[in-house]
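Some notes on the structure that comes next.
The values are calculated or read from the model by the stated rules, or taken from the named source; none is laboratory data. Just so it is clear, the structure is predicted and the values come from calculations on it, not from any experiment. Quick reminder, even Gly has a Cβ in these numbers, built from the backbone with ideal geometry, and neighbours come from all protein chains shown. Calculation scope for accessible area: heavy atoms of the full protein, side chains included, ligands and nucleic acids excluded. Shrake-Rupley method; radii C 1.70, N 1.55, O 1.52, S 1.80 Å.
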Amino acid sequence: MSYKLSEGALEVIMNGGHYDKPVMQILGNKKIQGSGANDRFRLLLSDGKHSLSFAMLATQLNDKLINGELSDYSVVQVDRFITSVLKPNSEKRVMILIEITILAPGSEVGKKLGNPQTWTEDSAQAPAQVMKPAPQAKPTPAPIIKPSNPQLDSSMLSSQMTHPIASLSPYQNKWVIKARVMNKSAVRTWSNARGEGKLFSMDLCDDSGEIRATAFKNECDKFYDMIEVDKVYYISRCILKPANKQFTSLKNDYEMTFTADTAVSECVEDASTVPSVKFDFVPISEIANRSPDSLLDMIGVCKSAAEVMELTAKSTGKLLKKREVTLVDSSGGAITLTLWGNEAEKFDGSSNPVIAAKGARLTEFNGSKSLSCLSSTMVRVNPDLAAAHQLRGWYDSGGALCDTVNISARSGSSGGAGEWLTFSEAEAQQLGAGERGDYYWLLGALTFTFSDNAVYKACPQDQCNKKLLDQENGLYRCEKCNRDYPNYKYRLLLGANVSDPTGDQRVTAFNEAAESMLGRSAADIGQMYDYDKAAYSQLFEQVKFKTFLFKFRTKMETYSDEARLKTTVMSATPVDYKDANTRLVKSIKALSGVEV
């Protein structure tokens with residue numbers, strides 16, 4: 001089979017001209033810089049007339065090389081590309097391939113097409129005509145910028161082309177990027193042996209890729225209010241250093257740090273040419289196979305949302321607010337995503353919105369995997385994305401009733417991922433008889449709560465929850481810390497009975513789980529106990545016969561030479577009745593053989 005390359009296309013492009021979707025051949029590739037999924041690859045391209053070694057593959061296309069889909073001698077159509085000037089006041093460019101279509105694999109072509117000569121500036125001649133105009137291939141000159149920033153040297157910006165983010169490296173001194181702000185964190189403070197200060201981070205993107213930028217101390221004060229999410233800015237004079245992959249999932253080997261010389265100015269013209277957030281979604285069913293602490297992009301429909309919970313951070317003592325939402329997608333998976341702070345408070349799951357999250361951290365506890373938002377995580381509700389529209393259609397046309405495997409419900413010897421057991425089934429499986437105990441999920445109702453001694457005064461230290469001794473002199477004694485305190489914090493230790501159609505069980509719920517069951521924070525309940533006994537008693541009456549989906553840990557323990565089963569509530573969440581009814585119908589079908 002013959003393959004027709006776009007002869008002369010490289011000469012047009014490298015002279016600053018335009019060429020629409022040229023067909024080229026990959027003659028070679030070389031890995032440069034970085035490691036893992038974020039390596040960069042330099043390409044040797046041929047258009048049949050010339051060959052060019054000043055070409056790079058955008059990082060989002062790395063997988064095509066790594067998995068062998070793109071190989072030497074492959075013929076490709078370059079659907080989208082950009083060029084960047086390597087040095088100020090120079091005409092030497094590098095071509096970056098952003099989107100390609102593989103027309104023929106290298107194994108099928110098997111040889112170099114034509115007799116291409118190496119393209120150089122000396123051998124190049126200006127093209128006689130511009131061929132098939134393509135706006136996306138045109139390098140973008142940075143316009144002269146009005147000096148809204150007094151330190152901004154606009155003459156420096158206007159003297160060179162804007163650089164693609166993918167082309168930045170610590171070896172370049174002068175560059176300007178034109179990028180959209182995808183996300184901006186809140187201002188955070190730190191204090192250590194070297195000093196203290198504050199910072200904020202933001203994630204930037206352009207056609208070629210994305211990068212994290214961080215501003216400390218004076219630069220934090222200077223730029224935080226100026227920079228707004230989803231706006232486009234010209235940015236220059238930042239330090240580039242290797243990215244800390246522990247805190248970012250962006251596909252870039254480097255990150256930027258603002259300095260006293262950093263220049264930032266808003267792009268008020270042609271900002272629509274810069275894309276918004278780039279996602280690399282992982283199907284929920286595949287998340288179960290990912291390693292804990294991975295940072296992932298995911299999208300799903302909110303099937304249910306718990307109420308906002310308040311808890312105290314152990315490390316800082318700050319009051320935190322969180323909300324857990326259960327997300328599903330067409331892969332048949334379900335997972336819990338934890339929202340924090342303002343995101344948790346303002347979230348409304350009543351209309352089953354589509355949620356997209358970028359850079360959520362995967363956590364694992366007792367076999368259950370879930371996702372949690374970080375300060376850098378981008379959350380979008382009902383985003384205008386093709387994947388979101390597809391999910392909306394799937395869910396509304398029957399996906400809401402499909403069976404799903406909840407990977408956040410996987411645990412111990414529960415009899416299967418996401419399976420709900422009854423008390424009789426847990427007893428039949430002898431759960432709790434092992435040395436380490438077992439975990440399982442159960443749909444049950446609170447038939448009794450023991451209000452006596454449910455709240456106690458605990459040590460105010462973050463890492464200590466020991467019950468204090470009231471010395472009746474205004475001080476409270478912590479035997480664990482061996483100290484007296486004038487203050488305390490309230491903690492919950494709730495005893496209760498949980499029943500289902502097959503039996504009942506005495507259970508114990510510690511602070512966070514007890515707060516979920518009672519629907520109030522330990523601090524509120526403690527205030528009621530001390531100052532409003534009637535409200536305190538009424539609270540415990542109100543939760544009787546309330547139904548929850550419980551996660552239990554059960555283990556055989558010995559008390560006074562008598563072995564007894566101890567059941568602890570690990571979590572208690574409101575019932576998703578759509579899910580519960582689907583499970584019920586499935587059970588009826590399995591037991592009776594009758595279609596319901």
Exercise. Gain in length, T259 to N115, computed as 0.36 nm per residue apart minus the alpha-carbon separation, to one decimal in nm?
Worked result: 46.9 nm
Exercise. Per residue, what accessible area does the chain have, given a 1.4 Å probe and all protein chains present, in Å²?
Worked result: 50
For this session: If a/c stays under 1.5 just call it rounded; otherwise compare a/b with b/c (prolate if a/b is bigger, oblate if not). Do that for the range 486-596, with a ≥ b ≥ c from the square roots of the Cα gyration tensor eigenvalues.
Result: oblate
Problem set entry | Estimated [θ] at 222 nm from DSSP helical runs (n ≥ 4, -39500 (n - 2.57)) normalised by residues in the chain, nearest 500 | -4500 deg cm²/dmol
For this session: Report the charge-dipole magnitude of the chain in Debye, nearest 20, computed about the Cα centre from +1 at each Lys and Arg Cβ and -1 at each Asp and Glu Cβ.
Result: 980
Seminar exercise, completed: What the Cα atoms of the range 343-481 span along the principal axes, largest first and in whole Å, is 65, 44, 29
Problem set entry | Low-density loop cleavage sites - GluC sites (Glu not before Pro) in the range 305-409, where at most 14 other Cβ are within 10 Å (DSSP) | E307
Seminar exercise, completed: If the chain between K578 and E286 were fully extended at 0.36 nm per residue, the gain over the current Cα-Cα distance would be 102.8 nm
For this session: Taking amide H positions as placed in the peptide plane 1.01 Å from N, state which residues far from S330 in sequence (5 or more) or on other chains have amide H under 5 Å from it.
Result: none
Exercise. Once label points are set 7 Å from the Cα along Cα→Cβ at both N218 and S560, what is their separation, rounded to one decimal in nm?
Worked result: 7.2
Problem set entry | Spherically averaged projected area in nm², based on the convex hull that wraps the Cα atoms of the range 501-547 | 3.8
Exercise. By how many degrees, 0 to 90 and rounded to 10, does the Cα axis of helix 577-592 deviate from the longest principal axis of the chain?
Worked result: 70
For this session: Using DSSP to define loop residues, name the GluC sites (Glu not before Pro) in the range 195-244 whose beta-carbon has at most 15 other beta-carbon atoms within 10 Å.
Result: E228
Exercise. Residue separation times 0.36 nm, minus the C-alpha to C-alpha distance between V585 and D225: what's the value?
Worked result: 124.2 nm
Exercise. So what's the angle, to the nearest 10 degrees on a 0 to 90 scale, between helix 533-542 and the longest Cα principal axis of the chain?
Worked result: 70
Exercise. Normalised by the number of residues in the chain, what is the relative contact order in percent for Cα pairs under 8 Å and 6+ residues apart?
Worked result: 8
Problem set entry | Ranked by how many other beta carbons lie within 10 Å on average, peptides 571-584, 9-22 from highest | 9-22, 571-584
Seminar exercise, completed: Between V594 and Q429, Cβ-based FRET efficiency (R0 22 Å, step 0.05) works out to 0.25
For this session: Please identify the cysteines of the chain that lack any partner cysteine with a Cβ under 4.7 Å from their own Cβ.
Result: C205, C220, C238, C267, C302, C373, C402
Exercise. Taking the Cα-to-Cβ direction at A193 and at C464 and moving 7 Å from each Cα, how far apart do the two end points lie in nm?
Worked result: 2.5
For this session: Using the charge dipole of the chain (Lys, Arg: +1 at Cβ; Asp, Glu: -1 at Cβ; taken about the Cα centre), state which of S84, A522, S370 has its Cα farthest towards the positive end.
Result: S84
Problem set entry | Filtered trypsin sites (Lys or Arg not before Pro), the range 431-481: DSSP coil and at most 15 other beta carbons within 10 Å | R436, K466, K480
For this session: Evaluate the range 421-535: find the radius of gyration of its Cα atoms, find its Kirkwood radius, and give the ratio Rg to Rh.
Result: 1.07
Seminar exercise, completed: Within the range 473-593, pairs of Lys residues whose Cα atoms are less than 16 angstrom apart, provided they are eight or more positions apart or on distinct chains, add up to 4
Exercise. Using only Cα atoms, what is the ratio of the radius of gyration of the range 158-219 to 2.2 N^0.38 Å?
Worked result: 1.37
For this session: For Y559, tell me the accessible area in Å² from a 1.4 Å probe, rounded to the nearest 10.
Result: 80
Exercise. Within the accessible area of the chain, what % is carbon and sulfur when the probe is 1.4 Å and the other protein chains stay in place?
Worked result: 48
Seminar exercise, completed: Between S2 and D293, the FRET efficiency computed from the C-beta separation at R0 = 51 Å comes out, to the nearest 0.05, as 0.50
For this session: Using every Cα-Cα pair within the chain, state what percent have a distance larger than 35 Å.
Result: 53
For this session: Describe numerically, in nm with one decimal, the distance between label points set 7 Å from Cα along Cα→Cβ at N482 and at D524.
Result: 4.0
